[in-house]
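J.: Sharing a structure, written as structure tokens. Questions coming.
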Amino acid sequence: MSEQNNNNQAEVVLYEVRGEVAMVTMNRPEYHNAQNSRMTYALDAAFRRACADDAIKVIVLCGAGRHFSAGHDIGTPERDVNQSFERVSLWYDHVDKPGGEFLYAREQEVYLGMCRRWREMPKPTIAMVQGACIAGGLMLAWVCDLIVASEDAYFTDPVVRMGIPGVEYFAHVHELNPRIAKEFLFMGTPMPAPRAYQMGMVNRVVAREALEQETLAIAERIAQMPRLGLQLSKQAVNNAEDLMGKRATMDMVFGLHHFAHAHNELVSGDRLGGYDARAMASSQRKPEGA
């Protein structure tokens, strides 16, 4: 039996139950699932719902349409960076804050804070990735325990073009070895799913038409395991990553990230160094090495 939200067209995140699996779907396909604050808070609510439901054993994160996610919303008509939302952490509202405090407070809540909390969800999570997984899309895939990608999927963090050292949830050197992480950042070019698999960032690469079926098969097999065993295993691996410096590195790079924002604003008057969604997309279409 499938349980799905009503009025799906109005929802930026869909929630569907398939047996013991919760399917959480980003639903802004017209904008390639660019993440505005409305979507981010809706994702948080969906994950909380799945974690609170004892019948759910595994959570699958998906993106509607051609692409998993084009990243953070830096240019759609529904960009809502200047709006207040009911916050889910103890961080104060960012909207009326001056200078660098504006983005620092916002991104502590909606990017670093939420992603860290999602990584710690006590149930196994799987990112089901097709098409583009860009910048902020990486953050959503990387917080998941497993990544299953279609053959046409690709991964990229192009924000170095803005003078910024990677996305806020800086897991690059844990998802990739350091030399490959430098290449990934320095060049800003897409990494195809087969290479991401070769580098250990992706668990499976499957045909696009088989992506959902294969992902659900993995989820259903995991769901056969005892809940506590899954949670303790996840906690053990996450704690090992943190002992290897993942959390400390993330804190350090978050500071560098916001120094770069402040520098951009001082030099050019724009926190993103003059890039909007259209300019960033255009930069991604240039030949490799250009």
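The values are calculated or read from the model by the stated rules, or taken from the named source; none is laboratory data. Source: prediction; values computed, not measured. Note that each Cβ is placed from the backbone with ideal geometry, even for glycine, and that neighbours are counted across all protein chains shown.
J.: Could you please let me know if residue 153 is of a type in the set (Gly, Ala, Ser), under 19 Å from residue 60 (Cα atoms) and in contact with an Asp or Glu (Cβ under 7 Å, 6 or more places away or on another chain)?
T.: So residue 153 fails the test.
J.: When you scan region 228-246, do you find a residue that is of a type outside the set (D, E, K, R), within 19 Å of residue 141 (Cβ to Cβ) and modelled with pLDDT of 95 or more, even just one?
T.: yes
J.: Hey, another quick one. Mind listing just one residue for me: the one in region 254-290 that is among the basic types (Lys, Arg) and over 23 Å from residue 112 (Cβ atoms) and, of those, modelled with the lowest pLDDT?
T.: 286
J.: Among the helices (runs of 4 or more DSSP H) confined wholly to region 90-209, which include 1 or more residues that are touching a Phe, Trp or Tyr at 6+ places or on another chain (Cβ under 7 Å) and of a type outside the set (Val, Ile, Thr)?
T.: 101-107, 114-119, 136-142, 172-175, 193-198
J.: Right, another one. List the number of the failed condition for residue 247; all other conditions in (1) exposed (fewer than 13 other Cβ atoms within 10 Å of the Cβ); (2) farther than 30 Å from residue 16 by Cβ; (3) of a type in the set (Lys, Arg) hold.
T.: So residue 247 meets the others, but not (1).
J.: Quick check, is residue 161 closer than 30 Å to residue 263 by Cα and modelled with pLDDT of 95 or more?
T.: The answer is no for residue 161.
J.: Still on this model: Could you count how many residues in region 161-209 are of a type in the set (Gly, Ala, Ser) and free of Cβ contacts under 8 Å to residues at least 24 places away in the same chain?
T.: Adding up the residues that qualify gives 1.
J.: Does region 126-178 hold any residues that are small (Gly, Ala, Ser) and over 18 Å from residue 103 (Cβ atoms), and which are they?
T.: The answer is 127, 131, 132, 137, 141, 149, 150, 153, 171.
J.: A further question follows. Can you tell me which of (1) without any contact (Cβ under 8 Å) to a residue 60 or more places away in the chain; (2) at negative phi is the one residue 246 doesn't meet?
T.: Only one criterion in (1) without any contact (Cβ under 8 Å) to a residue 60 or more places away in the chain; (2) at negative phi is unmet by residue 246, namely (1).
J.: Report, by residue number, each residue of region 255-277 that is charged (D, E, K, R) and buried (at least 19 other Cβ atoms within 10 Å of the Cβ).
T.: 271
J.: Out of 148, 160, report the one residue that is among the β-branched types (Val, Ile, Thr) and surrounded by 19 or more Cβ atoms within 10 Å (Cβ to Cβ).
T.: 148
J.: Regarding residue 108, is this residue surrounded by 21 or more Cβ atoms within 10 Å (Cβ to Cβ), at pLDDT 95 or above and either of a type outside the set (Lys, Arg) or within 30 Å of residue 228 (Cβ to Cβ) (or both)?
T.: no
J.: Here is a follow-up. Report yes if some residue within region 35-47 is over 24 Å from residue 234 (Cβ atoms) and among the β-branched types (Val, Ile, Thr); otherwise report no.
T.: No: region 35-47 contains no residue that is over 24 Å from residue 234 (Cβ atoms) and among the β-branched types (Val, Ile, Thr).
J.: Scan region 33-66 for residues that are without any contact (Cβ under 8 Å) to a residue 40 or more places away in the chain, assigned to a helix (DSSP H, G or I) and charged (D, E, K, R) and report the count.
T.: Result for region 33-66: 2.
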